[in-house]
Amino acid sequence: MNLVGISINHKTSPLSLREAVHLNREEIAEFIPCLKKDLFSEGVVISTCNRTEIFGFPYSPFFDPDELSAKLAEFKPGIKIEPAHFSRYASCGAVKHLFSVASGIDSLIIGDSQILGQVKEAFDISEDLNFTGTILRRIFDTAVRVGKRSIKETTIGEGAVTVSYAAVQVVEKIFANLEKKNALVVGAGETGELSAVHLKDKGIGKISIANRTLERAEKLAQKIAGDIVPFNSLKEQLGNFDVIISATSADNFIISYEDVKNALKKRRGAPVVLMDIAVPRDIDPKVRDLDNVFYHDMDSLRIIVDQNLQKRKDQIPSVEKIIMEEMVGFFGWYNTLDVIPTIKTMRSFFEDIRLDELEKIKNKVNEEDYLKIEDMTRRMIGRLLHNPTIRLRELAESGSNINDLTTNTIILKELFNLDHSISQEEKNNDETKNEEPLGKE
Amino acid sequence: MLESINVINFLLPIFYFTVFGVYSYDFYKEKKAVSNIKRLVLFLTLLLHTFYLIIRTMEYNHPPITSKFEIFSIISLSIGFSYFVLELLTDIRGTGAFIILFSFIFQIISSFFIEHTYIVPEVLRNRLLGLHVINALLGYSGITVSAVYGLLYLLLYKNLKSNKFGLIFDRLPNLEILEKLSFYSVVIGFILLTFAMVIGIIWLPSAYPNFSYTDPKLIGTFVVWAIYGFGILNKLLGKLYGKKIILYSIFGFVAAILSLIITNTLAKTFHSFY
């Protein structure tokens, strides 16, 4: 298989370069015709904020992957891609790499589930632009299956791997029905917003936002359909909330020990979760000494993130097993593509002999006998060729012993001098192809 | 039938240990296949145990309440059964190992020391007494299960407070669920205990015409019943919740155990059958 690919990712290049080479949907659609014109007969471009991958079947058998990076640099003027900035893949290696990408084990955050959707989307773009064929379609279908199986059969995508999500995970370990709970997010910056979105996704009953700048609070509240708590009345209202996430850039504590103690009185001791994901901290850590107060800061949430990342890493061998199984299946299918012409030629070789012999006796027997002989010879040829046909198909589909498959195919061709027949057949096919230049497969 | 009783008596601890093993394995590894099998294994064990108690009743012609070790076997079944019902009602399957361990302990002690009890005092052959004992044991099992959930609550609470995010954090249900499980089991226990007390009061005058309402057993049981009744009422009124209700439930359990120890060993009461 002459599939080739290059990958510019977090392992090979700095973030600045990854950002520079990133192609959005429109750019991919513009870039594909350039590839189609000079380099590939078919291909796919996957581009996310952390990686840009280009796979394809080159026109030239002596294709140099550096041409691909040069083409990308040409398309994105001003960027300089050194050979060390990308990995090169060919044949089985390219397929295996694509499967690893789709499964999330090659991602910056192992088990990232977004990549599977991005792989699917990239293939759809190529398909829309008629830049795909049977083999590439099969490769990407299998890649998507690898991704789905990895999620379903392993725990590669489980557990919070960001601090804001870990905060929500802890909240879920305390409260059962989040829809009956009220949450307050203090700080409308990026982290605060992320936490608010996670809480919303988990079905929290009500979210309120408190921020020094009212406009930013309003903007976030609008986005997540929440309320606003005026920043200056924050302390008086603390007791109304079951979950408080604080992520401001304040230099000092904005929620003191006494504030939380007073809030607890108001809550008559009902549990409250305080997530301090600000650096420096917003909430006095002494509050963790209070009964029914669950206080967590960046350090404690980082423990959860690190543990989950390690658990995901531990799942890599299981995902690799899935990749291997799917590669065996894919190459089994791929190998049948080579065997089918041989089987076809062998069968037509025998059929020609049969027809030739029938022709010889056609005038020597009556019509009724001729039909009987015709029927008998067809069945006989069918039975004679049944086992070799099945055996060859099985060897090809199992994909486990390519040497056996090659040996058997060669013996078959040599014994019956099929090469001559195949070249004759290919000649005929070429003539047909020349008549229809677009029909590659 | 005696042969069957002996064989099942030998098999029951093995079955309970298997259930405990399967639940523990699932707690540590969380495998989907095991998660589905474990409930079936528990169900089969409870079925075998029920069959064992039925054939025992038939063979010895009295309910299996005539010795400490028969009682232990019923406690074992009651705890397993209470947990099974809770698991069916809530579909929370991560806590079984902690509960079934008690079933295993009671059953293995029972299986080791249980004897053939053909000859028993006539008073113990009474069916009303049988009903009273079974209700009381199921009631005590309910409050035992509640206390176990209470302890699990405190364990998770401590883990959350001290930033320990290990197996307990990963596998146990959340604090609110544990509180709910503890409360459900205590309510079931309380109802059954109430039945047991009512049946006991109906049966008592016919069996012991000279009994006294100041008997330590009656006072002790009433105190335990009142403690739980007060707790349940306050929980329903929304006055007790979270860690407080859990601590209260554990306090109730300690009171129940102390009451049993005092009335069965130290005090003089009509309730001393063994």
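The values are calculated or read from the model by the stated rules, or taken from the named source; none is laboratory data. Note that the structure is a prediction, hence the values are computed from the model and not measured. We place every Cβ from the backbone using ideal geometry, glycine too, and count neighbours over all the protein chains shown. Just the protein is used for accessible areas: all its heavy atoms, side chains included, with ligands, DNA and RNA removed. Shrake-Rupley method; radii C 1.70, N 1.55, O 1.52, S 1.80 Å.
In the range A:111-122, is there at least one residue being in the same structural domain as A:F31 (by TED's automatic domain parsing) and farther than 22 Å from A:E158 by Cα? Checking the range A:111-122: at least one residue is in the same structural domain as A:F31 (by TED's automatic domain parsing) and farther than 22 Å from A:E158 by Cα.
Of the candidates A:E19, A:E53, the single residue that is part of a helix (DSSP H, G or I), touching a residue at least 24 places away in the same chain (Cβ under 8 Å), assigned by TED's automatic domain parsing to the domain that holds A:N130 and closer than 21 Å to A:G104 by Cα is A:E19. Within the range B:221-256, the set of residues being away from chain A (no Cβ under 14 Å) and among the hydroxyl-bearing types (S, T, Y) comprises B:T221, B:Y228, B:S249. Condition first: outside the structural domain of B:S185 (by TED's automatic domain parsing) and more than 26 Å from B:S182 (Cβ to Cβ). Can you find one or more residues in the range B:15-22 that meet it? The answer is yes, given that some residue of the range B:15-22 is outside the structural domain of B:S185 (by TED's automatic domain parsing) and more than 26 Å from B:S182 (Cβ to Cβ). Restrict the check to the range B:191-207 and report whether at least one residue is in a helix (DSSP H, G or I) and either of a type in the set (D, E, K, R) or within 14 Å of chain A (Cβ to nearest Cβ) (or both). No, every residue in the range B:191-207 fails to be in a helix (DSSP H, G or I) and either of a type in the set (D, E, K, R) or within 14 Å of chain A (Cβ to nearest Cβ) (or both).
In the range B:88-187, counting only helices (runs of 4 or more DSSP H) that sit wholly within it, the ones holding 3 or more residues that are away from every other protein chain (no Cβ under 12 Å), open to solvent by 40 Å² or more (accessible area, probe 1.4 Å) and under 28 Å from B:T50 (Cβ atoms) span B:96-113, B:127-161.
Quickly run through the range B:32-87 and pick out the residues that are of a type in the set (S, T, N, Q) and not in a helix (DSSP H, G or I). Full working, then the answer.
Within the range B:32-87, the first condition is being of a type in the set (S, T, N, Q), and the residues that meet it are B:35-36, B:45, B:50, B:57, B:61, B:66-67, B:73, B:76, B:78, B:82.
Answer for the range B:32-87, where residues must be of a type in the set (S, T, N, Q) and not in a helix (DSSP H, G or I): B:N61, B:T66, B:S67.
Comparison of B:I134, B:I71, B:I99, B:I79 shows that the only residue that is under 25 Å from B:L204 (Cβ atoms) and not assigned by TED's automatic domain parsing to the domain that holds B:K243 is B:I71. Among the residues of the range B:39-81, those that are modelled with pLDDT of 85 or more, among the charged types (D, E, K, R) and open to solvent by 30 Å² or more (accessible area, probe 1.4 Å) comprise B:R39, B:E59. Evaluating B:Y25 against the criteria (1) more than 19 Å from B:L138 (Cα to Cα); (2) in contact (Cβ under 8 Å) with a residue 40 or more places away in the chain; (3) assigned to a helix (DSSP H, G or I) leaves one unmet condition, (2).
Taking the residues in the range B:220-249 that are without any contact (Cβ under 8 Å) to a residue 60 or more places away in the chain and among the β-branched types (V, I, T) as candidates, determine which candidate is nearest to B:G200 (Cα to Cα). Per the stated criteria, the residue is B:T221.
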